[in-house]
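Below is one structure; the comments refer to it alone.
The values are calculated or read from the model by the stated rules, or taken from the named source; none is laboratory data. This one's a predicted model, so the numbers in the text were calculated from it and none came from an experiment. Cβ: placed from backbone, ideal geometry, glycine included. Neighbour counts: every protein chain shown.
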Number of protein chains: 2
Amino acid sequence: MHSHPFDDAIRLDAVGDHVYTGQTTTPYANMVGPYGGTTCAVLLNAALLHPERQGDPISLTVNFASPIAGGGFEIEARPVRTNRSTQHWSMQMRQADGVVATATAVLALRRETWSAAEAVAPADVQPAASLARADTRGRPAWTQRYDMRFADGDLPPVFDSVEQPHSRSRLWMRDDPPRPLDFASLAALCDGFFPRIFLRRRMLTPIGTVSLTSYFHADAAALAAQADRHVLGTARAQAYRNGYFDQSAEVWSDDGRLLASTHQIVYYRA
Amino acid sequence: MHSHPFDDAIRLDAVGDHVYTGQTTTPYANMVGPYGGTTCAVLLNAALLHPERQGDPISLTVNFASPIAGGGFEIEARPVRTNRSTQHWSMQMRQADGVVATATAVLALRRETWSAAEAVAPADVQPAASLARADTRGRPAWTQRYDMRFADGDLPPVFDSVEQPHSRSRLWMRDDPPRPLDFASLAALCDGFFPRIFLRRRMLTPIGTVSLTSYFHADAAALAAQADRHVLGTARAQAYRNGYFDQSAEVWSDDGRLLASTHQIVYYRA
């Protein structure tokens, strides 16, 4: 039986009470090192796999301290505080040259209570089945690991450096091969939105996510209900200023419920 | 000479290479413990005051692990990675019963480069001078430390439990007494938006911020240019789901530049 390439990418071996080892995998390779989404997922996974885990993820912040080299890494994961209904985690990912990423996560035991939507999913996006899959040939390997279907805001066919008025995208996204959604894969999907500056400037410029935060609105039951069908992503930027821009995105279930909201600040070289 | 109450609230004494002590102050008291904004600011301040500091803040994430008691605290602040242009920090705030907050911050040396706005400040908000200051009598002490002038979205005069369709606010904000804006006070302001659920449900319900992330788009020159004039805040929620909701906000200069974007996830008891 083959395991899914995503499960290979987030596999960890416990080598101490709070220390795991893992390694980057080529199916999720990025331009340099691994796709940031798998880095987020494997850092979260260190908390999720831990015997002291209590609850499901509410928030995850990952700071990308240094380029991550392809190959092995070590993750230290510690629950710094366990309350009645929440648990706070701190993680560090290290390679030979030191700390390459840090992360914090909050897990919680949720109970059903008054709930409401405020942001609403776009109503005018065609179903995934009626849209063509984006052609990601020539792009980094990780982009082949997602079936992306853009209603609008795909990368341009030609990077002609014609500056655009905005960088908004709306697209269906699904793991390829299909895989039932869980917290780790949702954490990875949150980094699946191309850097907004590529759309805004229609130009490829060196970039790197500095810090990424995701909030999980879905509980395990909502993820199970979504199963392996496409989710809808919406993304935009707020400001590009002297080397750093921020982008925000949402991941919606195919029946219009917000599964996650996510924000990141990204270094760019202009 | 009197110091500003905000400077009193974020004062730290170095008691070791990476350890400081500080204490909460009554002018910034919240319902329980200190205002979260001063907690964010003092955690950031631990990095900013450190002799190894390199650069100005790009991002700050604070996880509120436990209610913070009024009184003394200790902050440990460590630069986990210093690169050519960025520096990654991890902080822990501790009181007698253990870790009460953790934080990570990224500092950076910025240089002038191509920049652009994508989100735009609302154009139809009256100037601060033509709006009345919000009456915060009877609210926690920290609300008196801000001159808030709502164009819309103030807390209701009566909490009548009539659910509203949204929770959007637009308001001018300024330290009281006025104080020139800096990174610490901007970090605090980012938590100055009332919990959206109070507006949405027109009901006071127990809440607590679990995790807050702020991105700083302004550099020191932009903050100096803003000086002690009112900044414009805009805020909204995305989703309220089974005990947690997320809210996003922006802080704009009075000439319409985005100074900071900020996001938080908040526990609520319904």
>> Checking the structure you have, find out if any residue of region B:180-190 is in contact with a Phe, Trp or Tyr (Cβ under 9 Å, 6 or more places away or on another chain) and either surrounded by fewer than 20 Cβ atoms within 10 Å (Cβ to Cβ) or modelled with pLDDT under 95 (or both).
In response: no
> Among the residues of region A:122-145, how many are assigned to a loop (DSSP other than H, G, I, E, B) and within 19 Å of the chain's Cα centre (by Cα)?
Replying inline: 4
> Can you tell which of A:R168, A:R196, A:R200 is buried (at least 24 other Cβ atoms within 10 Å of the Cβ) and under 26 Å from A:R133 (Cβ atoms)?
Replying inline: A:R196
> Are any residues in region B:1-43 surrounded by 15 or more Cβ atoms within 10 Å (Cβ to Cβ), part of a loop (DSSP other than H, G, I, E, B) and among the small types (G, A, S), and if so, which ones?
Replying inline: B:G33
> When you go through A:I68, A:I58 one by one, which is the residue that is in contact (Cβ under 8 Å) with a residue 40 or more places away in the chain, part of a loop (DSSP other than H, G, I, E, B) and within 18 Å of the chain's Cα centre (by Cα)?
Replying inline: A:I68
> Quick one: is A:A227 surrounded by fewer than 21 Cβ atoms within 10 Å (Cβ to Cβ), within 25 Å of A:S115 (Cα to Cα) and modelled with pLDDT of 95 or more?
Replying inline: yes
> Which number in (1) more than 22 Å from the chain's Cα centre (by Cα); (2) more than 26 Å from B:A108 (Cβ to Cβ); (3) of a type outside the set (D, E, K, R) marks the one condition that A:G98 misses?
Replying inline: (2)
>> Looking at region B:240-260 only, could you name the residues that are within 27 Å of A:Y240 (Cβ to Cβ), in contact with a Ser or Thr (Cβ under 9 Å, 6 or more places away or on another chain) and within 8 Å of chain A (Cβ to nearest Cβ)?
In response: B:D246, B:S248, B:E250
> Looking at region B:56-63, is at least one residue surrounded by fewer than 22 Cβ atoms within 10 Å (Cβ to Cβ), in contact with a strand residue (DSSP E or B) (Cβ under 9 Å, 6 or more places away or on another chain) and under 22 Å from B:T209 (Cβ atoms)?
Replying inline: no
> Among the residues of region A:212-264, which ones are within 17 Å of A:L171 (Cβ to Cβ) and among the hydrophobic types (A, V, I, L, M, F, W, C)?
Replying inline: A:V231, A:L232, A:A235, A:A237, A:A249, A:V251, A:W252, A:L258, A:L259, A:A260
> Looking at (1) over 30 Å from B:L49 (Cα atoms); (2) part of a loop (DSSP other than H, G, I, E, B); (3) not hydroxyl-bearing (S, T, Y), which is the one condition that is false for B:F150?
Replying inline: (2)
> In region B:88-126, how many residues are at the interface with another protein chain (Cβ under 10 Å from one of its Cβ atoms) and either among the β-branched types (V, I, T) or in contact with a Cys (Cβ under 6 Å, 6 or more places away or on another chain) (or both)?
Replying inline: 7
>> Name the single residue that is farthest from A:V99 (Cα to Cα) among those in region B:71-82 being away from chain A (no Cβ under 11 Å) and part of a strand (DSSP E or B).
In response: B:G72
> Tally time: how many residues in region A:101-121 are under 20 Å from the mean Cα position of the chain (by Cα), in a strand (DSSP E or B) and not polar (S, T, N, Q)?
Replying inline: 6
>> Going residue by residue through region A:179-188, is there one that turns out to be away from chain B (no Cβ under 14 Å) and either under 21 Å from B:W114 (Cβ atoms) or of a type in the set (S, T, Y) (or both)?
In response: yes
> How many residues are without any contact (Cβ under 8 Å) to a residue 12 or more places away in the chain and in contact with a helix residue (DSSP H, G or I) (Cβ under 9 Å, 6 or more places away or on another chain) when one looks only at region A:116-153?
Replying inline: 3
> Only one residue in A:S130, A:S85 is of a type in the set (S, T, N, Q) and more than 11 Å from chain B (Cβ to nearest Cβ). Which one?
Replying inline: A:S130
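Yes/no per residue for (1) surrounded by 23 or more Cβ atoms within 10 Å (Cβ to Cβ); (2) more than 22 Å from B:M93 (Cβ to Cβ):
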residue	(1), (2)
A:A46	yes, yes
A:R78	no, no
A:W89	yes, no
A:E112	no, yes
A:S130	no, yes
A:Q144	no, yes
A:D147	no, yes
> Does region A:91-110 hold any residues that are crowded, with 17+ Cβ neighbours inside 10 Å and among the aliphatic types (A, V, I, L, M), and which are they?
Replying inline: A:M91, A:M93, A:V99, A:V100, A:A101, A:A103, A:A105, A:V106, A:L107, A:A108
